[in-house]
1. What's the number of the condition residue 144 fails, among (1) touching a strand residue (DSSP E or B) at 6+ places or on another chain (Cβ under 9 Å); (2) assigned to a loop (DSSP other than H, G, I, E, B)?
2. Test residue 150 against the criterion of being of a type in the set (A, V, I, L, M) and either more than 26 Å from residue 84 (Cβ to Cβ) or over 11 Å from the mean Cα position of the chain (by Cα) (or both), and give yes or no.
3. Can you confirm whether the range 84-97 contains a residue that is modelled with pLDDT of 95 or more, under 19 Å from residue 241 (Cα atoms) and surrounded by 15 or more Cβ atoms within 10 Å (Cβ to Cβ)?
4. Looking only at the range 204-218, decide whether some residue is more than 19 Å from residue 126 (Cβ to Cβ), surrounded by fewer than 20 Cβ atoms within 10 Å (Cβ to Cβ) and under 12 Å from the mean Cα position of the chain (by Cα).
5. Based on what the data block shows, is residue 215 more than 25 Å from residue 88 (Cβ to Cβ), of a type in the set (A, V, I, L, M), part of a helix (DSSP H, G or I) and in contact (Cβ under 8 Å) with a residue 24 or more places away in the chain?
6. State whether one or more residues within the range 185-193 are assigned to a loop (DSSP other than H, G, I, E, B), over 13 Å from the mean Cα position of the chain (by Cα) and at positive phi.
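The values are calculated or read from the model by the stated rules, or taken from the named source; none is laboratory data. Values in this document were obtained by computation on a predicted structure and should not be read as measured data. For neighbour counting, all protein chains shown are included, and Cβ atoms are generated from backbone atoms with ideal geometry for every residue, glycine included.
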Amino acid sequence: MDAPASETSSPEPSGMPVPHVLPAQTPGDRATALLEILLCSGYPTQIAIAQVLALGGIRPQAQDGFSLGYVALVSLIDTATLVLLMLAFLRARGEDPVAVFIGRRSLAEEARRGVPLVFVAFGIAVVIMLTIQLIAPWMHNVARNPFQDAVKTRLDVALLVLLVVVAGGVREEMQRAFLLTQFERSLGGARVGLAVTSIGFGLGHYYEGHDAVIATAALGAFWGWVYLTRRSAVAPVVSHAGFNLLQVAQFLGTR
């Protein structure tokens, strides 16, 4: 006898993400998803926040150069704004934000899984940067990260740590999870979303140099793959925040 259809359905290929949302069926769904992706990309909100701060006389440059306090202020406001936007969009569609950002797995287990991924991410970055130095050294076109000269006091160190954990680890991985979900649901699927978000993540670090663009794009693809595999942003948050903290420690150690 033939087995029931539910038993004969072909399983997902090994390593492939299992969709947890249905694809959109109408052009209106796709247009809405595209608008939400643009609004939650980080660029519109940061520009708007910078304009509002400028009206209040708060500018990006300090008297002695780059203002770490300004960057931290914009980034933290942007983090709160993006989280509220993403929650509002998900709830408007009747989706559970917990399912999208945290998933159905144990929170503690996902956090533990993220710890070794800190060193995987660091290894990816090191291999890519060393490879670029060997085959295309001209791509290292920024001698010093602008954050280096901005860190002068213990308060600056505390601001930088807060920035890389909250605005880097938490915001960017929640943002990545939301954007990947939108692409998977409405705009070409998870693979398209992974490619687009990774390229965008890399270009967002253009100020660090051409080599940094490639390295951060690869890291974005790695953290995106982890999210799609685990269906939880917790491990990517831990990995991303830990990676950033290792970079801060490396920078402070060299000083």
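1. (1)
2. Yes: the conditions hold for residue 150.
3. No, that holds for no residue.
4. Just the residues of the range 204-218 that are more than 19 Å from residue 126 (Cβ to Cβ), to begin with: 204, 206-207.
Imposing the further condition that a residue be surrounded by fewer than 20 Cβ atoms within 10 Å (Cβ to Cβ) reduces the set to 204, 206-207.
Next cut, under 12 Å from the mean Cα position of the chain (by Cα) only: 204.
Yes, some residue in the range 204-218 is more than 19 Å from residue 126 (Cβ to Cβ), surrounded by fewer than 20 Cβ atoms within 10 Å (Cβ to Cβ) and under 12 Å from the mean Cα position of the chain (by Cα).
5. yes
6. Yes, there is a match, as at least one residue in the range 185-193 is assigned to a loop (DSSP other than H, G, I, E, B), over 13 Å from the mean Cα position of the chain (by Cα) and at positive phi.
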